[in-house]
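The next block holds one structure in the form of structure tokens; read it before the comments.
Read-outs throughout are calculated quantities, based only on the coordinates presented, and are distinct from any laboratory measurement. Note that this is a predicted model, so its numbers are computed, not measured. So basically every Cβ, Gly included, is an ideal-geometry build from the backbone, and we count neighbours across all protein chains shown.
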Amino acid sequence: MSVPVINYDARMRWEPNARGRLELAALALYGERGFENTTVAEIAARAGLTERTFFRHFADKREVLFSGADALQELLVSGVAAALDSVAPIDAVGAALEAAGALLQQRREYAQQRQAIIAANQELRERELIKLASLALAIAETLRQRGVGDPAAGLTAEAGIAAFRVAFERWVPEANQRDLPELIRDSLCQLKAVTAGN
């Protein structure tokens with residue numbers, strides 16, 4: 001019985017956490033040079049990888065900043081779907097948002113850097129708004145599947161995303177010491193107080 005011989009190309013190498021390395025390289029370069037002035041080639045070189053490897057992980061240089069949107073949407077949708085039937089729609093959305101906030105809390109430095117880059121670029125700000133609108137649509141659809149009618153499903157989802165956005169904007173500054181889930185809870189409480197007329 002013969003043993004197959006495997007010839008390794010010297011250019012082939014193991015690339016541990018290539019995606020994470022590309023994210024970190026992109027954030028650093030966007031911060032140093034600006035989003036517009038950074039190329040995919042520069043990101044790949046900074047990460048010690050090839051452009052081909054970059055495109056295996058990201059469609060373009062914007063996607064480095066938005067690649068987590070699908071996972072965030074899945075987390076929110078599954079959180080709303082898993083809520084007990086007795087839970088009010090806004091509370092189901094709030095619990096899902098707090099769970100997402102707890103995950104983001106673990107990556108605060110990344111979130112701060114990402115937000116600074118997005119805030120400095122009109123195209124990225126528009127993309128962020130599209131992402132938030134997509135999250136609201138997905139949450140609204142999940143609420144409809146739970147039996148919440150329209151327009152209540154859409155209003156609840158939009159209100160939840162608005163509360164999340166306000167909380168996120170309060171959380172990002174370095175001077176802030178409060179956790180994101182706490183700020184989300186606070187934003188939703190204030191929203192409820194305003195709508196109750198208190």
Quiz prompt | Footprinting exposure proxy for ASP85, ASP186, ASP60 (fewest neighbouring C-beta atoms within 10 Å first) | solution = ASP85, ASP60, ASP186
Self-check item: Residue among ALA28, ALA140, ALA59 with the largest mean-square fluctuation in a Gaussian network model of the chain, springs linking Cα atoms under 10 Å
Solution: ALA59
Quiz item: Can you give the relative contact order of region 68-195 as a percent, counting alpha carbon pairs under 8 Å and 6+ residues apart?
Solution: 31 percent
Quiz prompt | Debye-sum result for region 81-169 in log10 I(q)/I(0), which assumes one identical scatterer on each alpha carbon, at q = 0.24, 0.26 Å⁻¹ | solution = -1.20, -1.32
Self-check item: Overall dimensions of the chain by Cα: Rg and Dmax, Å
Solution: 20.7, 83
Practice problem: Taking the Cβ of each residue in LEU129, LEU84 as the centre, tally the other Cβ atoms inside 10 Å and list the residues starting with the fewest. | Solution: LEU84, LEU129
Practice problem: Rank the residues SER78, SER67, SER187, SER86 as a footprinting-exposure proxy: fewest other Cβ atoms within 10 Å of their Cβ go first. | Solution: SER86, SER78, SER67, SER187
Self-check item: Helix-only mean residue ellipticity at 222 nm for the chain, each DSSP H run of n ≥ 4 adding -39500 (n - 2.57), per residue, nearest 500
Solution: -22500 deg cm²/dmol
Quiz item: Over all Cα pairs of region 18-64, how is the pair count split among 10 Å bins, expressed in % and running from 0 up to the last occupied bin?
Solution: 33, 62, 5
Quiz prompt | Rounded Å value of the spacing that divides the Cα centres of region 120-149 and region 37-97 | solution = 13 Å
